[in-house]
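Structure first, then comments.
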Amino acid sequence: MEYLGTVQNDDAGTGNHPLEALRELKIDAPDERIRKKVLENWDHVAKPLDGMGRFESLTAQIGAILGTDELAVSGARKAVIIMCADNGIVEEGVSQSGREVTLAVVKNMAKQQSSVGKMAAKIGADTIPVDIGVSFQGEIAGVVNRKIRCGTRNFRKEPAMTQEEACRALYTGIEMVKDCRQKGYRLLATGEMGIGNTTTSSAVAASLLDCDVAEVTGRGAGLSDGKLIQKQQIIAEAIGKYQLRGAEPLQVLCTVGGFDIAGLAGVCIGGALFHVPIVLDGVISMVAALVAERIVPGTRAYLIPSHKGKEPAVEMLAAALGLEPVIDASMALGEGTGAVMMMALLDMVLCIYNNRTTFSDIEIAQYERFV
């Protein structure tokens, strides 16, 4: 894989990579032969054809990514990479909470006492919180320190980050996947923490999808009607001010995005480069996934959707990515909780696949596939 040598020679994660190197990354398609083999194996399981519905195609996608039809993922190492960062736009009152809440939750994550930590522990998954831009000087115990800056700038006044900062954040995500792969992780999920990130994600989504701001901007953690209108106006104002409709995805990311979104976009790209399936969480992760796909086409083939959150952007993002979330429960917690739920479902499905009872085992004729 060409990128491996590039990483080793260029001191990855320091921001020394030229933008051209990012744009020139080439993604190999997942192994179609393996995908078909997994589906064939499912047809031999003693059940109605397509009895496990979309889980059959999703597990076939995982096999194609990993390059094997022996899907021992349920017993392998898995983790949630949680990108944590503050957003300057919070100064404009777009959230009920202030920056101090980001730090408090991140500290709780480090102790595995947040929602995602408790859920991940239940299914044997690790949580890896990453400080990519928390507004706090110094290291946070139990958190991987990859801080780019103490939060982004207020995009109502100036672009949220420089191009160099955005590239550093992208490569941070790529490097996290590389490191996890070397440590034996076979399945990764995306998580995030950062007050104000439904504002940044809505701004990025509206720009990339070229749609009305109100279509993709929700209440976040619970804004009043008046505050929601203000949030939408601030986003629309910024998109117009910086002329972001039809702009390059990296420009959009730099201008109105967040370090968490950039880091997660890097995780998505890293999954494609290092052939690790990436389970997406909700709207923040899906915005990051669209950024990743627009910068490095082909990335989306390595992404596994999890759930439809409450934020209105989800359906449009899913359509743009060609993904269909499985869980529909109006969740809005974030942190990676929906992705962990999806990991648990995959564990259950794979226990059928990996310990499959075939039609020949029970001495009955196999169903024939006519279409």
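Read the figures in this text as sums done on the coordinates, not as results from a lab. What you are looking at is a predicted structure, and each value in this text was computed from that prediction instead of being measured. Note: ideal-geometry Cβ built from the backbone for every residue, glycine included; neighbour counts use all protein chains shown.
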Cβ-based charge dipole, the chain, positive-most Cα from GLN61, PRO159, SER114: SER114
statement: By the C-alpha gyration tensor axes a ≥ b ≥ c (rounded if a/c is under 1.5, else prolate when a/b exceeds b/c, else oblate), the shape of segment 142-300 is prolate
- request: In nm, give the distance between the simple-model label positions of SER224 and SER57, each being 7 Å from the Cα along the Cα-to-Cβ direction.
  value: 4.5 nm
task: Please report, in debye to the nearest 20, how large the charge dipole of segment 211-304 is about its Cα centre when each Lys and Arg carries +1 at its beta carbon and each Asp and Glu carries -1 there.
output: 60 debye
statement: Taking 0.36 nm per residue of separation between GLU158 and ALA72 and subtracting their Cα-Cα distance, the length gained on full extension comes to 26.2 nm
- line: segment 61-104 scanned against label point 7 Å out from HIS44 along Cα→C-beta; backbone N under 16 Å for 68-72
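Given the rule -39500 (n - 2.57) for each run of at least 4 DSSP H residues, summed and divided by the residues of the chain, what is its mean residue ellipticity at 222 nm, to the nearest 500 deg cm²/dmol?
-14500 deg cm²/dmol
Say R0 is 41 Å: what FRET efficiency, to the nearest 0.05, do ALA29 and TYR367 get from their beta-carbon distance?
Details: r = 30 Å, r/R0 = 0.72.
So, using R0 = 41 Å, E works out to roughly 0.90.
How would GLU56, GLU192, GLU100 line up from fewest to most surrounding beta-carbon atoms within 10 angstrom? Before the final figure, lay out the partial values.
Values: GLU56 21, GLU192 31, GLU100 12.
Neighbour counts put them in this order, fewest first: GLU100, GLU56, GLU192.
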message: I want to make sure I understand the PRE zone here: with the label point 7 angstrom from the Cα of PHE359 toward its beta carbon, which residues in segment 25-42 have backbone N atoms less than 16 Å away?
response: 39-42
